[in-house]
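Worksheet for the structure shown next.
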Amino acid sequence: AFVLAAVLSASSVHGALDAKIKAKGKKSRISILNTEFGAVTPENAMKWDATEPNRGQFNFGNADSVANWASSRGKFLRGHTLVWHSQLPGWVSNINDKNTLTQVITNHINTVAGRFKGKVYAWDVVNEILEDNGNFRNSVFYRVLGEDFVDLAFRTARAADPNAKLYLNDYNLDYNGPKINNTVALINRLKARGTPIDGVGTQAHLIVGNLAPFDETLKLLASTGLDVAITELDIRIAKPVDSAKLAQQQKDYATVTTSCLTTPQCVGITIWGVSDRNSWVDGTFPNYDAPLLWDDNFNKKSAYTGTDNAL
Ligand code: XIL
């Protein structure tokens, strides 16, 4: 089934909505999520620093909020993410022996994936494990365990939640030759070893007017035989934003949506946020703006129309 999804931050679940927007009677982030999307991904609540800040000490307050919101609204929930070099507590990155790290990864995945067993339709088991040049990122996981950490993560996740679809997720799979080629090669090695992997996610943090042949990259990912998902879509605009760039953004969202719909293995698109008011782009790419489907005042943009018409 094709599912349009959006990221959900725990703060919106807790009702920390902009009072002025609510008072004006405009749609809020949470009500838009409820009416327009079929699935959610927690933006930060299931990451390692949020769930296991100290060894063996687990916190699920925010993660539970998002999961409960999803189940009470009948939304699919995408788990994000089990093994990632970023938002990783220092006590993990400082481990330098194989036995300890193996135990730590196993316990983390058992506990986190175990808690949401049966509630998560797909997990991003590993996230951003290759560099743009196609080599493995020099994370603690790769430094200490080599490529085996990937197999360990998938095998442990499968045992912890046998019905969840297990994904490898990464960015710059839309632009970069060596990175996408080595991702496909890695997936083929995992499959040849019998490692349980079901899907490949392309984050798709894109730039308006700069879409490489998106269709081809999806087909290349689909050549692995796995499910393919667009997991963190946003299409940011180089400042200053003007009407021509917004019109191009409308086209670009339509292009991505059509690419997924015409790739049989593409199961869905998750958009990394709802309103331009609350996007990670503001902090991470200060020269860019307005990446999402709703504007700062929660009004639908032409990007929404582009997506909607393509669906
Ligand atoms: C981002 C969140 O949106 C921010 O709130 C946080 O400060 C940093 O992480 N790739 C990913 C996501 O896999 O988890 C990142 O999310 C964006 C890039």
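The values are calculated or read from the model by the stated rules, or taken from the named source; none is laboratory data. All figures in this text were calculated on a predicted structure; none of them were measured in a lab. Note: ideal-geometry Cβ built from the backbone for every residue, glycine included; neighbour counts use all protein chains shown. Surface areas here come from the heavy atoms of the whole protein model, side chains and all, with no ligands, DNA or RNA. Shrake-Rupley method; radii C 1.70, N 1.55, O 1.52, S 1.80 Å.
The figures follow:
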{"quantity": "Percent carbon-and-sulfur accessible area, the chain, ignoring ligands, DNA and RNA, probe 1.4 Å", "calculated": "48 percent"}
{"quantity": "Three-way shape label, segment 133-247, alpha-carbon gyration tensor, a/c 1.5", "calculated": "prolate"}
{"quantity": "Alpha carbon centroid spacing (whole Å) that separates segment 49-103 from segment 228-284", "calculated": "26 Å"}
{"quantity": "Degrees between helix 61-73 axis and first principal axis of the chain (Cα, 0 to 90, nearest 10)", "calculated": "60 degrees"}
{"quantity": "Between helix 177-192 and the chain: long-axis angle, C-alpha atoms, 0 to 90°, nearest 10", "calculated": "50 degrees"}
{"quantity": "Efficiency of FRET between ASP148 and THR284 - r from beta-carbon atoms, R0 41 angstrom, step 0.05", "calculated": "0.85"}
{"quantity": "Candidates ILE271, ILE30, ILE230: whichever shows maximal mean-square fluctuation once the chain is modelled as a Gaussian network with Cα springs under 10 Å", "calculated": "ILE30"}
{"quantity": "GNM top mover of THR284, THR270, THR258 - the chain, alpha-carbon springs below 10 Å", "calculated": "THR284"}
{"quantity": "Mean separation of Cα contacts under 8 Å (6+ apart) over length of the chain, as relative contact order %", "calculated": "17 percent"}
{"quantity": "Between segment 123-174 and segment 193-222, the Cα center-to-center distance that results, in Å", "calculated": "15 Å"}
{"quantity": "Violating pairs (Cα-Cα greater than 18 angstrom) within the set LYS47/LYS98; LYS117/LYS165; LYS179/LYS219", "calculated": "LYS47/LYS98"}
{"quantity": "Farthest toward positive dipole pole in the chain [+1 Lys/Arg, -1 Asp/Glu at C-beta], among THR100, THR183, LEU33", "calculated": "LEU33"}
{"quantity": "Rounded to 5, percent antiparallel among DSSP beta bridges of the chain", "calculated": "10 percent"}
{"quantity": "Three-way shape call for segment 96-148 based on the alpha-carbon gyration tensor, with the a/c threshold at 1.5", "calculated": "oblate"}
{"quantity": "Chain lengthening between SER71 and ALA238 when straightened (0.36 nm per residue, less Cα-Cα)", "calculated": "56.4 nm"}
{"quantity": "Kirkwood-based Rg to Rh ratio, segment 123-165, C-alpha trace", "calculated": "1.03"}
{"quantity": "222 nm mean residue ellipticity, helices alone, for the chain (DSSP H n ≥ 4; -39,500 (n - 2.57); rounded to 500)", "calculated": "-12000 deg cm²/dmol"}
{"quantity": "Amide proton proximity set for CYS266, modelled H, under 5 Å, gap of 5+", "calculated": "VAL228"}
{"quantity": "Selected from LYS75, LYS239, LYS119 as most flexible by GNM, with the chain as the system and alpha-carbon contacts under 10 Å", "calculated": "LYS239"}
